[in-house]
Amino acid sequence: MRTILILGGGIGGIVTANQLSHRLKGKEKIILIEENRAHSFAPSYLWMMTGDRSKAQVSVPLKSILRQDVELINDTVEQVFPAGQKVKAGGVEYRYDFLVISLGAVLAPEKIEGWDQSVHTFYTCEGAEKLHKALNEFQGSKIAVVVASVPFKCPGAPYEGAMLIKDFFRKKGSLEKVEIGLFTPEPQPLPVAGPELGGAVKSILDKKGIRYYPSMQLDRVDTKEKKLIFNKKEFFDYDLLVIIPPHHSPEAIRKTDLASANGWIDVDAASLQTRFENVFAIGDITSVPLPGRWIPDKPMMLPKAGVFSHLQAEVVAKNIVSTITGTDQIEKFCADGYCMLEAGEDLAGFAYGDFFGTPHPRVHLRRIGKKWHTGKVLFEKWWLSPFGLKKSIYKNVLQSGGRLLGIPIRL
Ligand SMILES: Cc1cc2nc3c(=O)[nH]c(=O)nc-3n(C[C@H](O)[C@H](O)[C@H](O)COP(=O)(O)OP(=O)(O)OC[C@H]3O[C@@H](n4cnc5c(N)ncnc54)[C@H](O)[C@@H]3O)c2cc1C
């Protein structure tokens, strides 16, 4: 029996483990190492922030959404030795024949000069819970949503966050009192998705009265004076600050030969193979350059998003099975991604297309509507359900809906 070791039980790790289990039918050993016992669905943090979900509604025991023959080890990965084909976690060494690394990105708010606990975020489960309380008690007027630096996961989430905060105050009946500003170092919304999509998102923000401040690099925060300092010269006041914190790669990877100069793992864009044989990396921990696209002097990277972790996991699982079974069916990752962009009032936009397209990705935003919001809710239900009838029903509904709308939904 060969051992396939998967590091990280988030979106990429779960899909890899379940796909391998489904295809290998118990013939090989599949081990998944994850430090948390519970798995929470990050896209739902936005609904926790608005009070539409509780922590219990967006979290499940990780074991409940893994297929039965996946061995789950609840421990922290301390070190990876790709040359020696072993990994150390919780003081124990694990040998592997195939390794899939899906350890995600670490949030580092403490890297922001002046940051303290008064700064909010909806990028973590606890943060979203705390922010909901703060929004409920909010008496001021100025809310700043700030992207501290790039890269960050889910390029649409800050925009969704700003629109949902606006909607929260609309429902509360205090919309006129609140002013929302969205500050980002990006030159336009979702630059990875091209100018057409950026323009469409910008006009939605305008219609909602959300002030958009592009090309704003945050230097520091003064939480005593409640001031933000950007681009070494621009000052803004706030009453409530919501930050998308800086991201970096996990410590266990930064100290290995796998990490590139920027800390992330370089992989072959089609196979997700690292420079070590039978060692793959997927999802947020990777850096995958977009062909022919630059900002301005370095390559633009594929966004860190669950949809890509999911698709990459499928490619890697299929290729590991092909290697084991000796078939030469090689799958290649193509960056056809989608995103349901929550806009408030139970409406969402839907962006879909090829992120590897040149000179710009061919990503289009479909008209905002209730169906995309419903799709996102159904996806959440499907993702968090244990295997069984309920999961199959959600899957069928989502896939049939996708077919009707001409979108291939692979679950
Ligand atoms: C608010 C919000 C909204 C989002 N909305 C969307 C959306 O609508 N669509 C979309 O496509 N994406 C969305 N995303 C992004 C998406 O959640 C991530 O891109 C996705 O989870 C990445 O998958 P991953 O497997 O690479 O990493 P993760 O899902 O982050 O999994 C990494 C796992 O590794 C574990 N881990 C880390 N270090 C260690 C260690 N040393 N030892 C053991 N375990 C470790 C972590 O606990 C974690 O469980 C959103 C993210 C946020 C925060």
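The values are calculated or read from the model by the stated rules, or taken from the named source; none is laboratory data. The model shown is predicted, which means the values in this text are computed figures rather than measured ones. Positions of Cβ are generated from backbone atoms using ideal geometry, with glycine treated the same way; all protein chains shown enter the neighbour counts. Side chains included, ligands, DNA and RNA excluded: accessible areas come from the protein's heavy atoms. Shrake-Rupley method; radii C 1.70, N 1.55, O 1.52, S 1.80 Å.
The Asp222 and Gln57 beta-carbon pair, evaluated with R₀ = 45 Å, returns a calculated FRET efficiency of approximately 0.80.
Measuring nothing but alpha carbons in the chain and taking Rh as the Kirkwood radius, the Rg to Rh ratio lands at 0.96. Of all DSSP beta bridges confined to the stretch 47-114, the antiparallel ones make up roughly 100%. For the set Ile65, Ile324, the ranking by accessible area, highest first and with no ligand, DNA or RNA atoms included, is Ile324, Ile65 under a 1.4 Å probe. Extension gain for Lys29-Lys171 works out to 46.0 nm (0.36 nm per residue, less the C-alpha to C-alpha distance). Take the chain, connect every pair of alpha-carbon atoms lying under 10 Å apart with a spring to form a Gaussian network, then pick out the residue of Trp294, Trp47, Trp115 with the largest mean-square fluctuation. Among Trp294, Trp47, Trp115, the largest GNM mean-square fluctuation belongs to Trp294. Cα extents for the stretch 44-131 along the principal axes, largest to smallest and rounded to whole angstrom: 45, 38, 19. Between the Cα long axis of helix 125-137 and the first principal axis of the chain there is an angle of about 20°, rounded to the nearest 10.
Computed from the Kirkwood radius of its Cα pairs, the Stokes-Einstein diffusion coefficient for the stretch 205-364 at 20 °C and 1.002 mPa s stands at 113 µm²/s. To the nearest ten degrees, helix 157-172 and the longest principal axis of the Cα atoms of the chain are 50 degrees apart.
Remark: the chain carries 44 Å² of accessible area per residue (probe radius 1.4 Å; ligands, DNA and RNA excluded).
A straight line joining the Cα centroids of the stretch 230-277 and the stretch 1-80 runs 22 Å. If both residues of a DSSP beta bridge must be in the stretch 115-249, then about 35% of such bridges are antiparallel.
Amide hydrogen proximity for Ile244: with H placed 1.01 Å from N in the peptide plane, the residues at 5 or more positions away or on another chain lying under 5 Å are Val146, Val147, Ala148. Provide the net charge surrounding Glu137, with neighbours chosen by a C-beta distance below 12 Å and charges set as Lys +1, Arg +1, Asp -1, Glu -1. Every neighbour counted, the sum reads +2.
Calculated on the alpha-carbon coordinates, the convex hull of the stretch 102-160 measures out at 116 cubic angstrom per residue. Heavy-atom surface analysis with a 1.4 Å probe gives the stretch 264-371 a carbon and sulfur content of 53 percent of its accessible area. In whole angstrom, the stretch 315-411 maps to an equivalent ellipsoid with semi-axes of 28, 21, 10, each derived as √(5λ) from the alpha carbon gyration tensor and ordered largest first. Think of each Lys and Arg Cβ as +1 and each Asp and Glu Cβ as -1; about the Cα centre, that makes the dipole of the chain roughly 1100 debye.
Whole-Hz Karplus values for the stretch 379-393 come out as 4, 4, 5, 4, 4, 8, 7, x, 4, x, 4, 4, 4, 5, 5 Hz, taken residue by residue from phi with 6.51 cos²θ - 1.76 cosθ + 1.60 and θ = phi - 60°; glycine and proline positions read x. Per residue of the chain, the DSSP helices (runs of n ≥ 4 H) give a summed -39500 (n - 2.57) that works out to -9000 deg cm²/dmol at 222 nm. Remark: spin-label model distance Lys381-Gln139 equals 4.1 nm, labels positioned 7 Å along the Cα→Cβ axis.
In this structure the amide hydrogen of Met300, modeled in the peptide plane, comes within under 5 Å of the amide hydrogens of Leu290, Arg293, Trp294, Ile295, none closer than 5 places in sequence on its chain.
Ile229 label point, 7 Å along Cα→Cβ, cut-off 13 Å on backbone N: hits in the stretch 109-137? Under 13 Å, as judged by backbone N against the label point of Ile229, lie 113-115 of the stretch 109-137. Taking every DSSP beta bridge that has both ends in the chain, the antiparallel portion is near 55%. Once the Cα-Cα distance is subtracted from the 0.36 nm per residue extended length, the Glu110 to Ser400 segment shows a gain of 99.9 nm. Couplings for the stretch 233-248, taken from phi via the Karplus curve 6.51 cos²θ - 1.76 cosθ + 1.60 with θ = phi - 60°, read 8, 9, 10, 9, 8, 9, 9, 9, 10, 10, 10, 9, x, x, 10, 9 Hz in order; Gly and Pro are left as x.
Residues Arg366, Arg293, sorted by accessible area with the largest first, give Arg366, Arg293 [1.4 Å probe; ligands and nucleic acids excluded]. Just the protein heavy atoms count here, and of the accessible area of the stretch 23-159 at 1.4 Å, carbon and sulfur take up 49 percent. If the chain linking Ser118 and Gln329 were pulled fully straight, counting 0.36 nm for each residue of separation and taking away their Cα-Cα distance, it would gain 70.7 nm. Quick note on the stretch 165-252: its Rg to Rh ratio, both from C-alpha atoms and Rh being the Kirkwood radius, is 1.01. Computed across the stretch 223-281, the Kirkwood radius stands at 14.9 Å (inverse of mean 1/r, all Cα pairs). Amide hydrogen proximity for Arg362: with H placed 1.01 Å from N in the peptide plane, the residues at 5 or more positions away or on another chain lying under 5 Å are Asp354, Gly357.
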